[in-house]
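The structure appears below as structure tokens.
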Amino acid sequence: MNDTDARIAFIGGGNMASAIIGGLVRQGLPPAQVAVVEPFAEARTRLKQQFGVDAQDQAGPALADADLVVWAVKPQTFKEAAAQARPHVQQALHLSVAAGIRSDSIARWLGTERIVRSMPNTPALVGKGMTALYARSAATEADRQRVEQVIATTGESLWVEQEKHLDAVTALSGSGPAYVFYFLEAMTQAGAEMGLAPEQARRLAIATFAGASELARASPDPLHVLRERVTSKGGTTYAALTSLESDSVKAAFIRALHAAARRADELGDEFGR
């Protein structure tokens with residue numbers, strides 16, 4: 001971040017918080033300017049050892065110095081954590097990375113409208129994340145820029161103008177790494193069944209996904225055109241895709257993403273009261 005005087009507090013010190021903290025520290029934010037509230041002693045010790053940041057077991061007056069508070073808690077614990085922190089953080093900008101919890105609920109729990117809600121994903125852990133962002137109207141352009149600077153330490157970001165679109169983002173990119181790993185598992189298993197060593201199959205599958213994704217990123221052509229270029233009628237790829245179509249894999253996969261989006265919406269109803 002360019003703002004080296006920034007003080008940032010994290011409520012929750014799990015994987016996503018660690019990804020952001022690591023990115024900030026690597027880009028020059030002094031660890032002394034990062035505070036973490038994390039109830040589990042083992043996680044506090046890890047954060048101290050890995051990044052040199054201070055971690056406390058509960059929210060307290062020290063949070064009042066924070067310019068930005070990042071909410072990296074599970075949806076079911078957000079309300080309780082907010083009640084504990086609220087007296088100390090009402091002057092800060094708030095960034096939520098919690099799935100499902102709507103900004104209306106966050107604003108009500110914290111007593112502030114300066115809120116940006118986000119949906120990151122786990123490739124943030126290696127600086128290859130994709131994060132969608134939604135800002136409430138009280139968040140200024142400077143607030144948006146600050147959030148962008150923070151998220152840039154973990155990968156890419158994009159803004160959505162309607163909060164409901166974050167449910168679709170959750171289904172697509174938030175949960176998306178698990179779908180990729182699911183297909184990688186299947187490709188690795190098939191390779192091993194056809195006689196390759198498991199590690200060979202794993203390496204081939206991962207490199208193929210990474211390479212195809214990079215080709216799609218670099219090419220101006222539609223995805224179906226890229227697919228067709230690999231698919232000669234009567235060839236090996238044609239045989240595989242014909243099998244997938246006969247099993248309705250694409251339709252089933254699309255239904256699965258809709259199921260994930262519905263669950264994201266349900267989380268807001270379930271834990272946002």
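The values are calculated or read from the model by the stated rules, or taken from the named source; none is laboratory data. This structure is a prediction, so every number in the text was calculated from the model and none was measured. Cβ coordinates were reconstructed from backbone atoms using ideal geometry, including for glycine residues, and neighbour counts include every protein chain displayed.
Conditions tested, residue by residue: (1) surrounded by fewer than 19 Cβ atoms within 10 Å (Cβ to Cβ); (2) in contact with a strand residue (DSSP E or B) (Cβ under 7 Å, 6 or more places away or on another chain); (3) part of a loop (DSSP other than H, G, I, E, B).
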site: Val36; (1), (2), (3): no, yes, no
site: Pro39; (1), (2), (3): yes, no, yes
site: Ala64; (1), (2), (3): yes, no, no
site: Gln76; (1), (2), (3): yes, no, no
site: Gln84; (1), (2), (3): yes, no, no
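Going by the conditions given, is Val89 more than 25 Å from Gln162 (Cα to Cα), of a type in the set (Val, Ile, Thr) and out of contact with any Phe, Trp or Tyr (no Cβ under 6 Å at 6 or more places or on another chain)? Here the answer is yes, as Val89 does meet what is asked. Within the stretch 110-154, the set of residues being closer than 14 Å to Val70 by Cα and assigned to a helix (DSSP H, G or I) comprises Leu110, Asp143, Arg144, Arg146, Val147, Glu148, Gln149, Val150, Ile151.
Condition check ((1) over 30 Å from Lys79 (Cβ atoms); (2) part of a helix (DSSP H, G or I); (3) in contact with a strand residue (DSSP E or B) (Cβ under 9 Å, 6 or more places away or on another chain); (4) of a type in the set (Phe, Trp, Tyr)) across all residues:
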{"site": "Ala207", "(1), (2), (3), (4)": "yes, yes, no, no"}
{"site": "Gly211", "(1), (2), (3), (4)": "yes, yes, no, no"}
{"site": "Gly234", "(1), (2), (3), (4)": "yes, no, no, no"}
{"site": "Lys250", "(1), (2), (3), (4)": "yes, yes, no, no"}
{"site": "Ala256", "(1), (2), (3), (4)": "no, yes, no, no"}
{"site": "Leu267", "(1), (2), (3), (4)": "no, yes, no, no"}
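For the stretch 204-221, the count of residues that are surrounded by fewer than 12 Cβ atoms within 10 Å (Cβ to Cβ) and either in the same structural domain as Ile106 (by TED's automatic domain parsing) or more than 31 Å from the chain's Cα centre (by Cα) (or both) is zero. Going residue by residue through the stretch 161-176, is there one that turns out to be within 19 Å of Lys250 (Cβ to Cβ), touching a residue at least 12 places away in the same chain (Cβ under 8 Å) and more than 18 Å from the chain's Cα centre (by Cα)? No, every residue in the stretch 161-176 fails to be within 19 Å of Lys250 (Cβ to Cβ), touching a residue at least 12 places away in the same chain (Cβ under 8 Å) and more than 18 Å from the chain's Cα centre (by Cα). Selection within the stretch 16-58: residues that are touching a residue at least 40 places away in the same chain (Cβ under 8 Å) and among the polar types (S, T, N, Q). The member of this set that is nearest to Thr77 (Cα to Cα) is Ser18.
Please go through the stretch 1-15 and give me each residue that is under 24 Å from Ala142 (Cα atoms), surrounded by fewer than 22 Cβ atoms within 10 Å (Cβ to Cβ) and either of a type in the set (Gly, Ala, Ser) or touching a residue at least 60 places away in the same chain (Cβ under 8 Å) (or both), ordered by number. Listed by number, the residues that qualify are Met1, Asn2, Asp3, Ala6, Arg7. Within the stretch 180-199, the set of residues being of a type outside the set (D, E, K, R), out of contact with any helix residue (DSSP H, G or I) (no Cβ under 7 Å at 6 or more places or on another chain) and either farther than 25 Å from Gly129 by Cα or modelled with pLDDT under 95 (or both) comprises Gln189, Ala190, Met194, Gly195, Leu196, Ala197. Could you tell me whether the stretch 87-97 includes any residue that is of a type outside the set (Phe, Trp, Tyr), in contact with a Gly (Cβ under 8 Å, 6 or more places away or on another chain) and either part of a loop (DSSP other than H, G, I, E, B) or buried (at least 21 other Cβ atoms within 10 Å of the Cβ) (or both)? Yes, the stretch 87-97 contains at least one residue that is of a type outside the set (Phe, Trp, Tyr), in contact with a Gly (Cβ under 8 Å, 6 or more places away or on another chain) and either part of a loop (DSSP other than H, G, I, E, B) or buried (at least 21 other Cβ atoms within 10 Å of the Cβ) (or both).
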